[in-house]
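The values are calculated or read from the model by the stated rules, or taken from the named source; none is laboratory data. Note that the coordinates shown come from a computational prediction; the quantities given were computed from them, not determined experimentally. Don't worry about glycine lacking a Cβ; one is built from the backbone with ideal geometry, like all the others, and counts go over all protein chains shown. These area figures cover heavy atoms from the full protein model, side chains too; ligands, DNA and RNA do not enter into them. Shrake-Rupley method; radii C 1.70, N 1.55, O 1.52, S 1.80 Å.
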Amino acid sequence: MALSDDKKREYIKRILLSRMRILCNNGFYGLLLMHIIFSIDENCETAATDGRRIFFSPKFLDKLSDSELDFILMHEILHVVLQHCLRQGFRNNEQFNIACDIVVNSNILLSKNMDLKAITLKKYGISMHLAPDGKEGYEYTAEQIYDMLVSDNAKPCLSDNKSGADPRVDERHGAANGIALGRVEKKQAANMKTEAVWDDHTHWGMDEENDTLRDVWVKRFEDACEAVAIRDPSNQRGLLPLFAERLLKKLKNQQTDWRMILNDFVQEEIVDYSFAPPDKRFDESPFFLPDFNEKDDFVEDILFMIDTSGSMTDNMVTEAYSEAKGAIDQFNGKLRGWLGFFDTTIIEPIPFTNEEEFKVIKPAGGGGTDFKLVFEYVQAHMQDKFPAAIIILTDGFAPFPKERLAGGIPVLWLLNNDEVDPPWGKVARI
């Protein structure tokens, strides 16, 4: 007999109360849970997520204590924010699921100050949290642990077909389903099958808009980190989990030494000579020599244009945007200019004078690529104040226009690959 709407509301109310507890005790996880939809699904045997919802079986929910429910919500939302639902590729389904669970449970354990009760379900015992080398799973990515699981003693199965898994258990290594687990505790090995029962991963990768979903959760993750960061640092409950600090650093930190690239570019291409004031290093010289303008104060009038064409994946655009932001970070806000986006049309460049103004400018696009548009736009719409230099962040997969279109403005092509060589302009690669 189907659940009544009133009964479903009772279940949802209990889940919302759990979310409130998590928000109070583990703010980072609670903020992320504010963006997920909760569903009661009688066809679900236990708990699951597809990246948009967290599903619960009513029978499973009835058997959970409050602390167990809190753990499961944190477990599922961590799968989502770490994008485990989207990262499996051609890896073996069962082995990759185990690797993801080890990472998630260990990170929750770390957040709870290594209290094993925090990742324990009375029916299933302590959830697995150790990597095959005996270290805590939070020290690795899911892919790294997966590679450990697929050891020399177990043939890796690059298919989602579970029928290829070896059902035998190797007692010497605590290996289940043909997976060599090294020094993993036997109790953890015994839990590997049972955890797969309660944590249902069958909904992973089923969303048709995976790329969009990925970008949405990157933004939600960054917003949660920012919200936590502004809280009182003395409030330990408001601090970011270790994995979140690492992931935020990876997302935010540019890969390029922008001060080196821009300094070289500025010195070679756009530094003017001036005879006021003279270079003091040559006071004793009989010659009146020029000095470089003081570019340490501000690097101004730089036009950043980011390629958002179809050949640029969402991740590439995110990385390009992070690089442009990284330029401002390295110059401590002393970099001014414009930021625009282009594919077969131009998204009008918006001026920025500091990091805060830069951060509100968001990417747009998704068609083909036409570099000519950038230079035609500059000639047609920026005559009142031409940029001192143009930096184009792109994969370079489009015909390059003639250099004369640049009108003498120095151009730096910042490419994300080694395959393309622009016929003119300066080139740097990330």
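Pop out the carbon and sulfur fraction of the accessible area of the range 65-138 as a percent, whole number, probe 1.4 Å. With neighbouring chains kept in place, the figure for the range 65-138 is 53 percent. On full extension, the segment bounded by Q383 and T120 gains 88.1 nm, given 0.36 nm per residue less the C-alpha separation. Backbone phi angles across the range 28-39, fed through the Karplus curve with coefficients 6.51, -1.76 and 1.60 (θ = phi - 60°), yield HN-Hα couplings of 4, 5, x, 5, 5, 5, 5, 9, 9, 9, 9, 10 Hz in residue order; Gly and Pro are listed as x. Under 5 Å from the amide H of I347 lie the amide H atoms of F341, F342, each residue being 5 or more positions distant or on a separate chain, with H modelled from the backbone and absent for Pro and chain starts.
Taken along the Cα-to-beta-carbon direction at a fixed 7 Å, the label points for D418 and L405 span 2.8 nm.
Residues whose amide H comes within less than 5 Å of that of V427, counting only those at least five positions distant or on another chain, are W413 (H built at 1.01 Å from N in the peptide plane). The H on the amide N of E300, modeled in the peptide plane, is under 5 Å from the matching H of R336, each at least 5 residues off or on a different chain. Between E348 and D5, the distance separating the two model label sites (each 7 Å from Cα on the Cα→Cβ line) works out to 4.7 nm. Based on Cα contacts under 8 Å between residues 6+ apart, the range 18-116 shows a relative contact order of 22 percent.
Spin-label model, V427/E300: points 7 Å from Cα along the beta carbon direction are separated by 3.3 nm.
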